[in-house]
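Scroll down for the structure; my scribbles are underneath it.
Each reported figure results from applying straightforward, stated rules to the coordinates on display, with no laboratory input. Everything quoted here is computed from the prediction, not taken from an experiment. As a convention, Cβ positions derive from the backbone with ideal geometry for all residues, glycine included, and neighbour counts pool all protein chains shown.
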Amino acid sequence: MILTDKRILEEMDKGTIKIVPYNREDLGSNSYDVHLGSTLAKYVDAELDAKKHNRIELFEIPDEGYVLHPHEFYLGVTAEYTETHAHVPFLEGKSSTGRLGIDIHATAGKGDVGFCGNWTLEISVKQPVRIYKGMPIGQLIYFPVEGEIEVRYNQKGNAKYSGQPNKPVESMMWKNKF
């Protein structure tokens, strides 16, 4: 099951879903549109190492937009800060974004119950495309969970992405033991 617009509003009233800033026009029949924040990032090194803390370089999207290029990997961020305390949030691209050849996540479209923060986007494109801060970039859908949750994501001591800021966050794979 996916929450409908009315159920999303009910959950927001109860405080189990939080979206800031919230705009009623961005609420669809069963999803909420999120927008591209003002900051992008690229990894500094051409070769990344899963056991190493790979550095990123942050930069602001100018008012005239920024052209993304194929074979480049960008980290973006949603303008919206979200909290989800009783549902599993999924972030998917909008069809309009996909029709421009923009992928907004490589593998990480699912959040966890208890995720609190801005969403980091893993952006790649099929051909050069100019993007703008504030443009609709994706949509959040919410799934109810079955059963009680023992530990929410924001309560885990090893939650690497809890409280993400309104800036892209690099991979924290290096914090894993392997």
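For GLY28, what residues show an amide H to amide H distance below 5 Å, using hydrogens built from the backbone and excluding near sequence neighbours?
So GLY28 has HN proximity to ASP33.
Can you give the translational diffusion coefficient of region 92-178 in µm²/s, computed by Stokes-Einstein from the Kirkwood radius over Cα pairs at 4 °C and 1.567 mPa s?
For these conditions, the coefficient is 86 µm²/s.
Give me ASP103, ASP26 ranked fewest to most by other Cβ atoms within 10 Å of their Cβ, as a rough exposure proxy.
Lowest count first: ASP103, ASP26.
Which far-off residues, 5 or more places away or on another chain, put their amide H under 5 Å from the one on VAL88, with H placed in the peptide plane?
Hits under the 5 Å cutoff: PHE143, VAL145.
What whole-number value in cubic angstrom gives the convex hull volume per residue for the C-alpha atoms of region 1-158?
130 Å³
Give, in nm to one decimal, the length gained when the segment between ASN166 and SER96 is fully stretched (0.36 nm per residue of separation minus the Cα-Cα distance).
22.9 nm
What list of ³J(HN,Hα) couplings, whole Hz, do you get for region 111-116 from phi and the Karplus terms 6.51, -1.76, 1.60, once you set θ to phi - 60° and write x for glycine and proline?
For region 111-116, the Karplus curve yields x, 10, 4, x, 5, 9 Hz.
Let me spell out the model: positive unit charges on the Cβ of Lys and Arg, negative unit charges on the Cβ of Asp and Glu, origin at the Cα centre of region 4-135. What dipole size does that give, in debye rounded to 20?
On the way: 15 positive and 21 negative charges, 40 e Å.
Rounded to the nearest 20 debye, it is 200 debye.
Which lysines does LYS160 reach when only Cα atoms under 23 Å apart count, and residues fewer than 8 places away in its own chain are ignored?
Straight-distance partners of LYS160: LYS18, LYS42, LYS51, LYS52, LYS110, LYS175, LYS177.
Return the FRET efficiency for the residue pair MET1, ALA108: r is the Cβ-Cβ distance, R0 is 25 Å, and the value is rounded to the nearest 0.05.
Numbers: r = 22 Å, r/R0 = 0.89.
So the FRET efficiency works out to roughly 0.65.
Enumerate the calculated ³J(HN,Hα) couplings along region 94-102 in order (Karplus 6.51 cos²θ - 1.76 cosθ + 1.60, θ = phi - 60°), each rounded to whole Hz, writing x wherever the residue is Gly or Pro.
7, 4, 5, 5, x, 6, 8, x, 9
Could you go through region 56-70 in sequence order and give the Karplus-derived ³J(HN,Hα) for each residue, using 6.51 cos²θ - 1.76 cosθ + 1.60 with θ = phi - 60°, rounded to whole Hz, and x for Gly and Pro?
3J(HN,Hα) across region 56-70, in whole Hz: 10, 10, 8, 8, 8, 7, x, 4, 7, x, 9, 8, 8, 10, x.
How much FRET efficiency would the formula 1/(1 + (r/R0)^6) give for LYS18 and VAL44, where r is the Cβ-Cβ distance and R0 is 35 Å, rounded to 0.05?
0.55
Of all beta bridges DSSP finds with both residues in the chain, what is the antiparallel percent, to the nearest 5?
95 percent
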